[in-house]
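Asks: Before we start, here is the structure in question, set down as structure tokens.
Read-outs: derived from the displayed coordinates by stated rules, not from any lab. This one's a predicted model, so the numbers in the text were calculated from it and none came from an experiment. Positions of Cβ are backbone-derived with ideal geometry, glycine not excepted, and every protein chain shown enters the neighbour counts.
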Amino acid sequence: MQKTKAVVVIGGLLLLVGTFGGCSNKNADTAFLDLNTRILIYESTLGGGKNLKVSVTDKRRHNVLMKKDSERKIRSGRALVVKNYHPSLRLDTNFQQTATEAFQLQGYATDGKGTGSTRELTIYITKMDLRLRKQRVGSGALPQVQARLRSKMKVAAKNRGMAYGNEYEFFIKKSYPGLPEKIETEKILNYGLTQLLHQILEDPKLAEFLTS
């Protein structure tokens, strides 16, 4: 199968609104992330025009991407995150638009006007958790701040009475000499979402199942 490389913009960057220090809001414990995902993918004819229905469900217990530190840490002045960071838009709604456009670029028909019976693909977001922690790198060294992102998704696909499922996980950590700048936080969050979507798109068993 011949693929044509194309730079494709899907949505926009996952932008962090405001700083760690504060965000003007009626709820002093809440700040928001503006979710606009941009990724690069390869355009192809993999789907062959077959009908595919894509849906995304957020299965996380709490709608928080970055949880504030304990009240004890906040009172002592040792806190790095003093607010709960929520997505300003529903994470599942935003990611569904991105995933749908990505599968369209792979040659699937997501509008019901394709060929054959409709394949169904449900993506479950099960974890998206960014945490900041102070750490010491050695005797006499200045403390660093480490950002850790743990993210997980799973899929459940159906095709003519048959089923396929798989799980995908991505973890990244990076250290900074101090509290990371907004742009650095954006990079970690965007990279995590991008990697998970690419794992789904590049799963050979899922592609074989959906195109059979």
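Asks: Once phi is turned into θ = phi - 60°, what whole-Hz ³J(HN,Hα) does the Karplus curve with 6.51, -1.76 and 1.60 give for every residue of the stretch 48-55, x standing for Gly and Pro?
Replies: So the Karplus estimates, Gly and Pro as x, are x, x, 6, 5, 9, 9, 10, 9 Hz.
Asks: Still on this model: Based on alpha-carbon centroids, what's the gap between the stretch 172-189 and the stretch 42-75 in Å, whole number please?
Replies: Computed from Cα coordinates, the inter-centre distance equals 19 Å.
Asks: Going by C-beta contacts inside 10 Å, put T93, T98 in order with the fewest on the left. Could you put the intermediate results ahead of the total?
Replies: Working: T93 12, T98 21.
Ranked by crowding around the Cβ, least crowded first: T93, T98.
Asks: Right, next: If you take every DSSP beta bridge fully contained in the stretch 15-211, what fraction is antiparallel? Give it as a percent rounded to 5.
Replies: Working: 35 of 48 bridges.
In the stretch 15-211, DSSP labels about 75 percent of beta bridges as antiparallel.
Asks: Give me the tail of P(r) for the stretch 141-212 as a percent: Cα-Cα pairs with distance above 20 Å. Present the calculation step by step, with values, prior to reporting the outcome.
Replies: On the way: 1206 of 2556 pairs.
Tail fraction, whole percent: 47.
Asks: Taking K and R as +1 and D and E as -1, what net charge do the other residues with C-beta under 10 Å from the C-beta of F170 add up to?
Replies: Details: positive: K127, R150, K152; negative: E169.
Residues near F170 contribute +2 overall.
Asks: Among F95, F32, rank each residue by its count of other Cβ atoms within 10 Å, from fewest to most, as a rough exposure measure.
Replies: On the way: F95 25, F32 18.
Ranking F95, F32 by Cβ neighbours within 10 Å, fewest first, gives F32, F95.
Asks: Just the C-alpha atoms of the stretch 15-211: what Rg/Rh do they give, with Rh taken as the Kirkwood radius? All intermediate terms of the calculation are to be shown ahead of the outcome.
Replies: Details: Rg = 19.6 Å, Rh = 18.5 Å.
Ratio value, two decimals: 1.06.
Asks: Could you give the dipole magnitude of the stretch 15-211 about its Cα centre, charging the beta-carbon of Lys and Arg +1 and that of Asp and Glu -1, in debye to the nearest 20? Kindly include the intermediate steps, with their values, before the conclusion.
Replies: Values: 33 positive and 19 negative charges, 204 e Å.
Dipole about the Cα centre, nearest 20: 980 debye.
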